[in-house]
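Colleague: Before we start, here is the structure in question, set down as structure tokens.
The values are calculated or read from the model by the stated rules, or taken from the named source; none is laboratory data. This one's a predicted model, so the numbers in the text were calculated from it and none came from an experiment. Don't worry about glycine lacking a Cβ; one is built from the backbone with ideal geometry, like all the others, and counts go over all protein chains shown. Side chains are part of the model used for accessible areas, which takes the heavy atoms of the whole protein and leaves out ligands, DNA and RNA. Shrake-Rupley method; radii C 1.70, N 1.55, O 1.52, S 1.80 Å.
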Amino acid sequence: MSENSENFENREREELIERIINEKGPDAFDDMLKLLDDEDENVKEIATEVLYRLGDSVRPKIEEYVKKEVLRGEKNNMKLLYLIDLLGDMGAKNSVKDILKALELYDFEEAQIVIYEALAKLGAGEQFYPLLRYMLLEGEERFTLGPQVAIAMSYLDIPEIIHDLVQAIDSSDFSGEDLETIKQALSNVINTRPSYKEILITLVGEENFEKYVL
């Protein structure tokens, strides 16, 4: 896809999102919920973005829906996973208990990492740090899930994560876009918690700092 085509698509997408928000507002909730069942990933992303931008006006409805779906107990429910991810972005701390229960409903690691990330964003992910560290640095899954794990870890307020991400970058396990994603995770940590920058400088030296961040 050319840059002009991509810019046009992005502009069209943005106009559609704004139109939905301006014309329907919070009343768009039910329609957006239905669109999360669509097979087209772009459609689901648009629906998620609309809900995110509607913010507090729809957050209680999302929280209630998630609570009901977790109690219903359907396994590997992708719509529920999208909404859990969204609640993490919305800072919905009231939903932490429900999101923790949702972990039992997913039997594939990609989904579990999405939930760990949501919990980390909500300040409730520290208990999963040892598992995430293992998945990034030691487990066989690091070769496929390492970058996703690194992003999830970047939301934890744990100083040792700096050392873990440096170790991942220095290893020969990651290259190309995967390596860039891990550097992005380290950048996220530094940008969110500037005091951690000194930890990174201590580990790699000020002269090498730029090699580890984006």
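Colleague: Taking the stretch 155-177, which residues are among the hydrophobic types (A, V, I, L, M, F, W, C) and surrounded by fewer than 14 Cβ atoms within 10 Å (Cβ to Cβ)?
Modeller: Answer for the stretch 155-177, where residues must be among the hydrophobic types (A, V, I, L, M, F, W, C) and surrounded by fewer than 14 Cβ atoms within 10 Å (Cβ to Cβ): there is none.
Colleague: List pairs: first residue in the stretch 104-117 and under 14 Å from residue 129 (Cβ atoms), second residue open to solvent by 40 Å² or more (accessible area, probe 1.4 Å) anywhere in the structure, Cβ distance under 9 angstrom, at least six positions apart or on different chains.
Modeller: From residues that are under 14 Å from residue 129 (Cβ atoms), the pairs are 113/148; 116/131; 117/85; 117/148; 117/155.
Colleague: Suppose we filter the stretch 90-135 for residues that are in contact with a Gly (Cβ under 6 Å, 6 or more places away or on another chain) and open to solvent by 60 Å² or more (accessible area, probe 1.4 Å); how many remain?
Modeller: 0
Colleague: With respect to residue 148, determine if the residue is of a type in the set (S, T, N, Q) and within 15 Å of the chain's Cα centre (by Cα).
Modeller: Yes: the conditions hold for residue 148.
Colleague: Go through (1) in a helix (DSSP H, G or I); (2) of a type outside the set (Asp, Glu); (3) at pLDDT below 95 for residue 139 and report which single condition fails.
Modeller: Status for residue 139: all satisfied but (1).
Colleague: As an exercise: evaluate residue 170 against (1) of a type in the set (D, E, K, R); (2) without any contact (Cβ under 8 Å) to a residue 24 or more places away in the chain; (3) closer than 22 Å to residue 64 by Cα and give the number of the one condition it does not meet.
Modeller: Condition not satisfied by residue 170: (3).
Colleague: When the stretch 11-31 is examined, which residues are found to be within 14 Å of residue 61 (Cα to Cα), of a type in the set (D, E, K, R) and either surrounded by 12 or more Cβ atoms within 10 Å (Cβ to Cβ) or over 24 Å from the mean Cα position of the chain (by Cα) (or both)?
Modeller: 27, 31
Colleague: Please go through the stretch 178-196 and pick out each residue that is open to solvent by 40 Å² or more (accessible area, probe 1.4 Å), farther than 18 Å from residue 132 by Cβ and touching a residue at least 12 places away in the same chain (Cβ under 8 Å).
Modeller: 180
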